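Notes follow the structure.
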Amino acid sequence: MFLYKAGQFLDNNLNYLNFTKAMSIAALEALKSNPSPNPKVGAALFDKNMKLKNKSHHLKKGKDHAEIDLITKSNIQDTDYLYITLEPCFHDDTSPSCAKELLKTDIKNIIIGDIDSDPRTYGKSVDYLKSNKINVSIENGVNDFLNPYYKNSNNTKELTYIGKIGISNNNIIFNNDSDEKYITNQISLDLTHLLRATCDAVLVGKNTFLIDDPKLNIRNKELDNSTNKPLKVIWWGSSIPSTTKNKYSDYTFIETSSLKQLEKILLNLGCRTVLVEGGKFVHEKFLRNSKYSLFYEFKSDFDIPNGLNIGDFYKTKLSSSFKNIDQITLKDNVLSIYNNK
């Protein structure tokens with residue numbers, strides 16, 4: 001059914017999301033850790049010929065920011081290009097100001113992923129660097145992808161939920177006639193793993209867990225040895241047999257049918273962003289309660305004759321309550337990205 005070799009696209013498919021090659025290297029670096037409560041940030045240094053010289057990421061709170069770590073271990077020249085996934089911090093109340101430390105180096109060209117929405121920085125570093133004759137440009141949308149919760153974190157403590165689904169051309173999400181559980185191609189699967197890396201937890205419902213036996217981990221060569229390990233959450237609903245809990249000790253089973261109680265538990269676990277991967281019942285419940293901020297639909301180009309259809313409610317709710325902000329061709333798949341209106 002698929003023409004792609006396993007692993008062929010595992011290195012980096014962020015170009016499909018409009019990341020430049022250089023910024024995608026910084027972005028993958030950012031995804032190697034989860035420095036909660038701080039955002040994931042990566043930095044990559046290139047020479048004048050765009051050959052990678054060094055890269056770094058913010059490991060955890062209390063450790064050097066990505067830019068500081070890169071400065072300490074790199075020989076920076078004025079012809080280099082520095083890619084950072086988020087505007088360098090301007091404030092120095094909790095750590096050295098990255099913007100001010102960068103000005104002490106010979107760097108003259110900086111490309112950042114997004115303006116930092118933290119009011120202590122919010123454009124101040126860009127203005128500061130530019131006023132000191134540093135060339136600064138912006139590659140929009142990078143931090144929004146890496147830290148989906150971040151813009152909301154200054155205004156609310158609520159969870160950010162992202163929905164994700166893999167679906168056939170005729171809206172089937174499970175094939176009754178095949179043991180192959182993947183409906184979409186390798187590019188879609190790789191982007192799913194990168195999405196997982198942006199979140200604090202990956203959640204599925206009881207039925208999806210029992211039918212698919214999903215690993216819910218991050219499978220990407222660049223991230224194999226990373227410390228970024230999102231929680232693997234099963235929304236079980238009722239009481240779970242102790243034998244199942246013991247067998248799957250690295251999963252978090254949540255034994256409540258209440259969405260409100262589920263959210264309280266996830267917050268207590270330290271979650272900020274949760275990727276919800278299904279199944280049908282779980283998606284319908286989240287959609288009915290308007291919980292999704294973003295929704296990623298990966299659709300294949302073929303029909304499945306016999307399987308579980310996602311149903312009319314999903315299609316109606318997605319078209320009425322969400323705005324299709326992007327549609328991306330992934331060879332023989334199509335990724336549609338929606339945000340909540």
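The values are calculated or read from the model by the stated rules, or taken from the named source; none is laboratory data. Given the structure is predicted, the values throughout are model-derived calculations rather than measurements. When we count neighbours, we look across all protein chains shown, and the Cβ atoms used for this are built from the backbone with ideal geometry, even at glycine.
Give me the residue from the range 235-244 that is surrounded by 14 or more Cβ atoms within 10 Å (Cβ to Cβ) and outside any loop (DSSP other than H, G, I, E, B) and, out of that set, modelled with the highest pLDDT. My answer is TRP235. Assess whether LYS229 counts as being of a type in the set (Lys, Arg) and assigned to a loop (DSSP other than H, G, I, E, B). Criteria met by LYS229. Looking at SER125 and the list (1) assigned by TED's automatic domain parsing to the domain that holds LEU45; (2) over 19 Å from the mean Cα position of the chain (by Cα); (3) assigned to a loop (DSSP other than H, G, I, E, B), which single condition is not satisfied? The number of the failed condition is (3). Just checking, does the range 250-257 include any residue being crowded, with 21+ Cβ neighbours inside 10 Å, more than 30 Å from ASN143 (Cβ to Cβ) and either modelled with pLDDT of 95 or more or in contact with a Cys (Cβ under 7 Å, 6 or more places away or on another chain) (or both)? Scanning the range 250-257 turns up no residue that is crowded, with 21+ Cβ neighbours inside 10 Å, more than 30 Å from ASN143 (Cβ to Cβ) and either modelled with pLDDT of 95 or more or in contact with a Cys (Cβ under 7 Å, 6 or more places away or on another chain) (or both). Under the condition of being touching a residue at least 12 places away in the same chain (Cβ under 8 Å) and farther than 22 Å from SER33 by Cα, the residues counted in the range 249-288 number 19. Among residues of the range 47-68 that are more than 14 Å from ALA27 (Cα to Cα) and in a strand (DSSP E or B), none has a beta-carbon under 7 Å from a residue that is of a type in the set (Asp, Glu) and modelled with pLDDT under 95 at least six positions away or on a different chain. State which residue pairs qualify: first residue at positive phi and inside the range 315-336, second residue assigned to a helix (DSSP H, G or I) and hydrophobic (A, V, I, L, M, F, W, C) in any location, beta carbons under 9 Å apart, and separation of 6 or more residues or different chains. What qualifies is LYS331/ILE187. The condition of being loosely packed, with under 14 Cβ neighbours inside 10 Å and modelled with pLDDT of 95 or more holds for only one of LYS232, LYS221, LYS264, LYS206, that being LYS264.
Every residue, every condition in (1) in contact with a strand residue (DSSP E or B) (Cβ under 7 Å, 6 or more places away or on another chain); (2) in a strand (DSSP E or B); (3) without any contact (Cβ under 8 Å) to a residue 12 or more places away in the chain; (4) surrounded by 21 or more Cβ atoms within 10 Å (Cβ to Cβ), yes or no:
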| residue | (1), (2), (3), (4) |
| --- | --- |
| ASP144 | no, no, no, no |
| ASN152 | yes, no, no, no |
| LYS181 | no, no, no, no |
| THR184 | yes, no, no, yes |
| SER188 | yes, no, no, yes |
